[in-house]
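Structure first, commentary second.
Quick note: the coordinates plus some simple rules give every number you see, no bench work behind them. In this text, all values refer to a predicted model and were calculated from it rather than measured experimentally. Cβ placement follows ideal geometry from the backbone for every residue including glycine, while neighbour counts extend to all protein chains displayed.
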Amino acid sequence: MSVTYRFPNGRRLCVAAIPLLGLFFSLLLYAQSADSVKIKHGEDLFERRCTGCHRLDEVRVGPRLRSVFGRIAGSDAGFPYSQGLKTSQIKWDEATLDRWLADTEELVPDNDMAFRVSSAEERGAIIAYLKNLGAK
């Protein structure tokens, strides 16, 4: 049921639309909150699982990972990649990073990273964190 209110200027407002707008904005805020939680979880996982070899802004055992999202694999000039990774022409996005973290050897045979994240949820959180970082 809806109630129509008529303003003095002749315009009408259907009161049933107001709860729908409230629901829409509530869902929007929930989605933003869920994304923030996923990114924070990804940051925590990155700190625990990845920083043994990687840093965001410096080369260690592995290449720097800030701005990895959207980068061509093997293209950070400061890191000596395996030949397989340098010639792979993979562009890092959600799908390729997910496949990489699930099984590096399956995606690029004879690469130098022997590491897996078996949980799809954890891979998704790490990828969301890396995507959110952007350039420094």
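Some points to look at:
- Dipole check for the range 34-133: with +1 at the C-beta of Lys and Arg, -1 at the C-beta of Asp and Glu, and the Cα centre as origin, the magnitude is about 240 Debye.
- Of the chymotrypsin sites (Phe, Trp or Tyr not before Pro) in the range 82-136, those whose Cβ has at most 16 other Cβ within 10 Å and which sit in DSSP loop: 115
- Residues of the range 39-60 with an amide N closer than 14 Å to a point placed 7 Å from the Cα of residue 67 along the Cα-to-Cβ direction: 56-59.
- Loop-resident GluC sites (Glu not before Pro) (DSSP state other than H, G, I, E or B) in the range 35-129 with no more than 16 further Cβ atoms inside 10 Å of their Cβ: 58.
- Under 5 Å from the amide H of residue 91 lie the amide H atoms of 73, each residue being 5 or more positions distant or on a separate chain, with H modelled from the backbone and absent for Pro and chain starts.
- Global form of the range 34-133, assessed from the alpha-carbon gyration tensor, a/c cut-off 1.5: prolate
- Distance (nanometres) between label positions extended 7 Å along Cα→Cβ at residue 37 and residue 60: 2.9 nm
- Applying the criteria of a DSSP loop state and at most 15 other Cβ atoms within 10 Å to the trypsin sites (Lys or Arg not before Pro) of the range 94-127 yields 116.
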